[in-house]
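Every number in this text was worked out from the coordinates using simple rules, so none of it is lab data. These numbers were taken from a predicted model, which means no experiment stands behind them. Here Cβ is always computed from backbone atoms with ideal geometry, including for glycine, and neighbour counts include all displayed protein chains.
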Amino acid sequence: MFEKLKGAMKQFQMVQRLMKDDNFRALMSHPKVQELFRDPQFLEALKTQDPTTIQGNPKLAALMNDPDLAALMATFDPAALQSLLQADADAA
């Protein structure tokens, strides 16, 4: 039980670090992304922690093809995101 809680806390901390990036924050606050995170089927897919199940969600697939979101994702700086994630790993 505590392992699941520990894992959830690590994920929460990782998201907090990523939210320091303006582009990531813009993507996560987009209304279409917010709607996805309120969708019960998507939330169930997330609970599986299985990448294939998550990526197979039709609403996520639709968002991945959305031109507005593609434009937001194109602004990501992979090195900056990696730096934020590395800081998370170093703190662990």
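General remarks:
- Longest to shortest principal axis, alpha-carbon extents of the chain, angstrom: 36, 31, 20
- Within a Gaussian network of the chain (alpha carbon springs, distance under 10 Å), most fluctuating of MET19, MET64, MET28: MET64
- Cross-link partners for LYS59 among the lysines, with Cα-Cα distance under 21 Å and sequence neighbours closer than 8 places in the same chain left out: LYS32, LYS47.
- Debye, to nearest 20: dipole size of the range 2-91, +1 on Lys, Arg Cβ, -1 on Asp, Glu Cβ: 280
- For the pair SER29 and THR53, a Förster radius of 25 Å applied to the C-beta separation gives a FRET efficiency near 0.50, rounded to the nearest 0.05.
- Between MET9 and ASP77, the distance separating the two model label sites (each 7 Å from Cα on the Cα→Cβ line) works out to 3.1 nm.
- GNM result for the chain, Cα springs below 10 Å: residue of LEU46, LEU60, LEU81 fluctuating most strongly: LEU46
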